[in-house]
1. For the stretch B:126-146, enumerate the residues that are away from chain A (no Cβ under 14 Å) and of a type in the set (D, E, K, R).
2. Of the residues that make up the stretch B:308-318, is at least one on the phi < 0 side of the Ramachandran plot, surrounded by fewer than 22 Cβ atoms within 10 Å (Cβ to Cβ) and not small (Gly, Ala, Ser)?
3. So, of the residues in the stretch B:180-192 that are more than 14 Å from chain A (Cβ to nearest Cβ) and either of a type in the set (D, E, K, R) or not in a strand (DSSP E or B) (or both), which turns out to be most open to solvent (accessible area, probe 1.4 Å)?
4. If I ask for residues that are at the interface with chain B (Cβ under 8 Å from one of its Cβ atoms) and among the polar types (S, T, N, Q), which ones from the stretch A:352-405 would you list?
5. Please enumerate the residues belonging to the stretch B:147-179 that are in contact with a strand residue (DSSP E or B) (Cβ under 9 Å, 6 or more places away or on another chain), at the interface with chain A (Cβ under 9 Å from one of its Cβ atoms) and surrounded by fewer than 19 Cβ atoms within 10 Å (Cβ to Cβ).
6. Which residues, taken from the stretch B:37-56, are without any contact (Cβ under 8 Å) to a residue 40 or more places away in the chain and closer than 21 Å to residue B:94 by Cα?
7. Of all helices (runs of 4 or more DSSP H) completely enclosed by the stretch B:359-456, which ones contain at least 1 residues that are open to solvent by 10 Å² or more (accessible area, probe 1.4 Å) and under 30 Å from residue B:506 (Cα atoms)?
8. Exactly one condition in (1) in a helix (DSSP H, G or I); (2) surrounded by fewer than 22 Cβ atoms within 10 Å (Cβ to Cβ); (3) within 14 Å of chain A (Cβ to nearest Cβ); (4) free of Cβ contacts under 8 Å to residues at least 12 places away in the same chain is not met by residue B:59; state its number.
Amino acid sequence: MGYPHPIDPRETPVLSTYFGDAEARTYAGWVKRGGYEALKKVIAMAPDDIIAEVKASGLRGRGGAGFPTGLKWSFMPKEDGKPHYLCCNADESEPGTFKDREIMRWTPHALIEGCAIAQLAIRAETCYLYIRGEFTEPFHIMTRAVEEAYANGVLGANALGSGRRVDIVIHRGAGAYICGEETALMNSIEGRRGNPRIKPPFPAVAGLFGKPTTINNVETLAAVPAIINRGAAWYASLTLSSPKSTGTKLISVCGHVQRPGVYEITLGFPMKELIYDLCGGMRPGRTLKAVIPGGSSVPIMTPEEVEGCATDYEGIVAKGSMLGSGGMIVMDDSTDLVYQIMRLARFYAHESCSQCTNCREGTAWTTRILERLLAGEGKASDLDLLLDLSENMTGKTICVLSDSCAAPVVSGIQKFRADFEAWLPAARPAMPVGA
Amino acid sequence: MADELVSVTIDGIGVQVPKGTMIIEAAKQAGVLVPHYCYHPSLPSPAVCRMCLVEVEKAPKLMPACVTSVVDGQVVHVHSPQALKGREGVLEFLLINHPLDCPICDQAGECELQDFQFQEGRRGSRHDDYPKRYAPVEDFGPDVLYVPNRCILCTRCVRFMDSVAEDAVLEVYQRGDRAYIGIDPSERLDHPWSGNVVDLCPVGSLISKDFLHKARAWDLDKTASVCPGCTQGCNMTIDTRDSTVVRLRPRPNHDVNRHFMCDAGRADYRWMNRGDRVEAPLRRDGERWQACDWSVAVSEVARLVADADGSVVLLAGGRTSCESLGWMLQLIGDRRLAAAMRVPLGSESPIGAIPNLALRAERAANLEGARLLGASSEWAAARTALAGARLAIVLDVELGDDDATALAGAGHVIHATTVADPRLGAADLVLPITTMAEEQGVFVNRDRRAQRFLPARSAPGMARPGWWLASQAWAAGGAGRRAPGTAAEAFAMLPIFAGLTYRELGLTGRVMDGVLQGAGS
């Protein structure tokens, strides 16, 4: 299958095998496709063995940070007598990222199975699935799937006859980007204002409701059943580059490519091949100008940097950006980067939780300077001002929203300075910017 | 302290602090002030203002000093170029939307935004041509206005109402630079301790209606004092302008009131400024009052007491200092029939999350002092005793009508007071005494903590402290008696304090239990 495009032979479908296959959404359809076998398998396993298996697979967090999943699970205390929680972060709000949405739309039971396995591994009876408020269709599909899972005894007081309670509670967000930050997500579930918390304490020590908590991305958890079914060694062998980047990754490609969509690649896949072959390259007559490879929060890459870049955690860092969430925004030479960066900055200014001074004021100020530039009223000193503001916004705040706003600005000015200078009043007449 | 100590170096100064201390507090020990807005020692730390960023050696980035605990051997630079650059950036951000209306702002002169901007801020502006965020002033409660334009969103007020007063009516509303402090639309900021948000606000965003445009901070004189409102004995500062009391604010004392003070105590200062004071000793001369010298008044008091022969009743007010009460009792000696302090009762208003801190039901600051000195709170019994008394001494107390009626039954009446009471027209002497705002003295609070208060304004006319006239009359009553020359001496000579001095009490007081056992009383 594949959605919205047929699976390309160069893809490695693990998570996306049944994208587009409506029958896979149902419990019966999922079981027919080998679903819930992994869960049956782990019921017989000791929690530490599950964690060891995931550790051995080399699976790393797919939400953006790339933290080793097995290691994260192993931070959960043992025999502490407290309730533990799993939070599944389905608040996919990063501009340009739409991979978790497809998992929830097409294979909700893969996610439920992954959550249940993680819950058994970290000894958490309850999983909160925090789903983005705007995800109406995925919300209804997930709700239906969870109901089915309860009805068929996969979830509940005696999950699959294991004698252990496995509950999944779906919590719908109210439309705040910042609630995808793990500690803000916990505050939001608790009914508080979705402000990120200071770490330490880390969630594994005091997370949701002050109890030990693990938070994983949808894609991370959905990958777990395949690891259990086919073995850690198999998953660890899936790499085209670094042994530190294993498995497959969903890349949601959008922007100026002929076939945007969600592509599942083995980590290390050449970025150029992804853009030009799998996605069909630029529109006729157009050339590549810039790529934001991992959601809007990472530095912008130039065509030269895309050249020879391996799409994995280390490969993109070597080229000056980050794999991030895998939300790839491709821009061709028709793009005005200043306008695009202003749109990103405006997004961050809108979504800043307002806690930290640098972020609250810095994102808004950055936006205003960029808007002024686009109105033809910029000053030559504005570019240095933007760089200095960005420095004051980087590494100074509780969470990284502020850094995320600064990253495209800094990389944009450094790598595409001519685009900025072209907007200075001396260079061209003014263009009004719609609000 | 059994706490394990760790050594840290802050701006080159080595200090030892208990393990787990935050850098910002360790820096205080080293004498280094880390600029901050959201941090407050009596509130949970959210680390949101980012003003306390400091450089910690071996840390990859600047660390917020308010939530970073010290590690043994740590080297911290509060004023390194990197830390200064970080804080300069924060100050610049804070000023983007700040109206800079300092000339009409009550906080000017005691504003931390001004202070730190002058210390560490950037000279000159880089955000010259943008309109600033605007929102109109909001009325939050009986004494609190919110000026959103000045707000730096440190959230001290939100945290105070949430985790200290435990009446979470305030919250941050909206996001990004549109954020402001909002109040639950169905609520008012009328908790009995809510006035503290005005003190907590580091800028002029939350302001007191009572103090609004009353005085500039730089014109104020500040005097350490103790709230005379109830037996809690909250430490306070009396702010005066040209000898007029314009504001009372809490003074930190971790063991009594932390950093707080209730609204009732805060608002109760107008009596200190009364203009209708008795200004000279008055002696009854037939149907008229006749002003006289203190020497005449003192010998008259000595004579009346000497003649009273075992039947003197002392009626004292709750704001009477240990010195005045102690020396009055010394003057009466064994002629005492009864001695009582009047204790008005009100309802108790606890602050919420801080144990042993409340506006107490007993609205008499020195009740415990009176008990220690041997006076009682049996007011009704003392009033009954007036009927057989040869002499009644009324010392700085507001009387009820029935008290005034009962006083008619006493043989003679000495009225030592700040304001004349027309119902006591038959008194033999009316003696002008100072209020607690005009004298030095000691109150003992309900936990037997003896606490000093200092004179904040000059006394009108010939008014003298109660202890002075009592001790002078006592000295006049017998050969070889020496009256104390100062309040310090008056205190040190009181036997129940066993030689304790003002200096030893300091400005945060001392609990009396050990001393009392030592005194064997």
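1. B:138, B:139, B:143
2. No, there is no match, as no residue in the stretch B:308-318 is on the phi < 0 side of the Ramachandran plot, surrounded by fewer than 22 Cβ atoms within 10 Å (Cβ to Cβ) and not small (Gly, Ala, Ser).
3. Filtering first and then ranking leaves B:185.
4. Selection gives A:352, A:354, A:355, A:357, A:358, A:363, A:392, A:397.
5. Matches in the stretch B:147-179: B:171, B:174.
6. Hits for the stretch B:37-56 are B:39, B:45, B:47, B:52, B:53, B:54, B:55.
7. Helices (runs of 4 or more DSSP H) meeting the threshold: B:367-373.
8. (1)
The values are calculated or read from the model by the stated rules, or taken from the named source; none is laboratory data. Computed from a predicted structure; not experimentally measured. A quick note on method: Cβ atoms are made from the backbone with ideal geometry, for glycine too, and the neighbour counts reach across all protein chains shown. Surface areas here come from the heavy atoms of the whole protein model, side chains and all, with no ligands, DNA or RNA. Shrake-Rupley method; radii C 1.70, N 1.55, O 1.52, S 1.80 Å.
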